[in-house]
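Some notes on the structure that comes next.
Computed from the coordinates by the stated procedures, all read-outs in this text should not be read as laboratory data. Computed from a predicted model, the values in this text were never measured in an experiment. Reconstructed Cβ throughout: ideal geometry from the backbone, glycine too, with neighbour counts over all protein chains shown.
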Amino acid sequence: MSGAGSAGWRRTEAARLLAFAAGSTVAGGFGWLDAEGSLLTADRRELWINARMTYVFAEAHRRGFPETDDLAGHGVRALLHDLRDAEHGGWFRTVGPGGPVDDAKSCYEHAFVVLAGSAAARAGIAGGDDLLEQALEVHARRFWDDAAGRCVEEWSRDWSTLDDYRGANSNMHTVEAYLAAGAATGDSVWVERAASIARAIVEVARDRDWRLVEHFDSSWTPLPSYNEDKPRDPFRPFGATPGHGFEWARLLTDVDDATRATAPDPVLLESAVALFDRAVADTDGGAEGFCYTTDWSGRPVVAERFHWVACEAILAADALRRAVPDDPRFAGFYDAWWHFADQHFVDRAGGSWWHELSPRLAPSTTTWHGKPDVYHAFNACVLPDRDEPQEHRH
């Protein structure tokens, strides 16, 4: 294939995404961009955006994209100083010109700090090793629950009050972050913890016909009706999220790769295929895009199409076409979904990708406004290149 999804096409598209994302640079980090690439929030910095952008620029530098090391360094400095809570440790969720706007300490955002630190350390970005060390210390001490084999969700600023909610989304990104930390440090404990989280979540999904439960109480009892009155929540929506089925499928193949030599478990790959198949069935194969959420029988609840779901579908198809090479359907989905993304999500005029489309595939803003980051689209462009890039060591 020489068009959308080919190696050359993806490299060119990744460079285009990086050029757009560079426009988010503000004093003390990165802001939220609108659809045309102008800043929506020049004086308000979200931790999740800053950590993701730092990861993207560090990973881009490691993969040889020019003029990305300074941007990665800018992000590392913002995370080490501007968004960090110097008094209590950890990182603020949102910072404004006068200090923290939202001072909750969340596993979701802190997982991305670990991911950013891992990428920066591997890329040889100044301060990356310090960022990774601090992020891992906080995540291990505050979020990892050894008894549950998973992570807790959210603390108050001073770590005195722990919320009763437990979430699969934050734990999913913790799997991604811990695998990255294992690659950066060589410490197998992070891979072992990633595998522990993955196996626990898979057990719950199996009981619901491979639709992932996203929300739990403090004892990890599923809450299938959680946020039924707020189905469009961007981080905690009601029901099942097919995009997370694809994302977990990809991550399970990564856990399988990381543990096969020491603790092989065929259930990981079998579960990855089952989650993928369920997500495909609940979105009619993605021919008209992928809905955001479904109810527990597979009927769409929020029918808008989000770019991140398409990206994770592509990456899951790529991971499984490699893991199960004798099944041609994964390669077929990979090609078809890249074509769909190129036709509908890639915004050649405004830059980056549309973050949300209506069911009729027109740009929409029911949940997402603007184009806050390029993390998912950049990953879709670079992660299929499985040959390890030359690492920059300092």
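Data overview
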| quantity | calculated |
| --- | --- |
| The stretch 9-129: C-alpha gyration tensor shape, a/c 1.5 cut-off, then a/b vs b/c | oblate |
| Rounded to the nearest 20 debye, dipole of the stretch 7-382 from Cβ charges on Lys, Arg, Asp, Glu | 580 |
| Cα→Cβ-extended label distance, 7 Å offset, between residue 223 and residue 348, nm | 4.6 |
| Highest-fluctuation residue, 280, 267, 213 considered, GNM on the chain with Cα pairs under 10 Å | 267 |
| Shape of the stretch 285-388, Cα gyration tensor, a/c cut at 1.5 | oblate |
| Exposure proxy ranking, count of Cβ atoms within 10 Å, fewest first, for 46, 312 | 46, 312 |
| Exposure proxy order (Cβ contacts within 10 Å, fewest to most) of 346, 202, 101, 76 | 101, 346, 202, 76 |
| Computed lengthening from residue 236 to residue 284, 0.36 nm per intervening residue step minus Cα-Cα distance | 14.9 nm |
| The stretch 208-259 and the stretch 46-62: distance between their alpha carbon centers, rounded to Å | 24 |
| Residue 331 paired with residue 42, simple spin-label distance in nm, labels 7 Å along Cα-to-beta-carbon | 5.1 |
| Max mean-square fluctuation residue, GNM over the chain, Cα-Cα springs under 10 Å, options 251, 315, 39 | 39 |
| Prolate/oblate/rounded label for the stretch 123-247 (Cα gyration tensor, a/c 1.5) | prolate |
| Fraction of beta bridges assigned by DSSP in the chain that are antiparallel (%, nearest 5) | 95 |
| HN-Hα J in Hz across the stretch 78-88 - Karplus 6.51, -1.76, 1.60, θ = phi - 60°, x for Gly and Pro | 4, 6, 6, 10, 5, 9, 8, 8, 5, 7, 10 |
| Distance from the stretch 4-29 to the stretch 119-181 (C-alpha centre basis), Å | 26 |
| FRET efficiency, 1/(1 + (r/R0)^6) with R0 51 Å, evaluated for residue 277 and residue 126 via beta carbons | 0.70 |
| Helix-derived mean residue ellipticity, 222 nm - over the chain, DSSP H n ≥ 4, -39500 (n - 2.57), to 500 | -15000 deg cm²/dmol |
| Likely footprinting exposure, 230, 105, fewest C-beta neighbours within 10 Å first | 230, 105 |
| Qualifying GluC sites (Glu not before Pro) for the stretch 158-248 [loop in DSSP, other Cβ within 10 Å: at most 16] | 228 |
| Nearest-20 debye value, the stretch 148-263 charge dipole, Cβ charges on Lys, Arg, Asp, Glu | 200 |
| Within the stretch 200-296, trypsin sites (Lys or Arg not before Pro) in DSSP loop having at most 13 other beta-carbon neighbours inside 10 Å | 260 |
| Axial C-alpha extent at least 18 Å, average Kyte-Doolittle at least 0.5 - helices from the chain (DSSP) | 107-123, 188-206, 266-282, 307-323 |
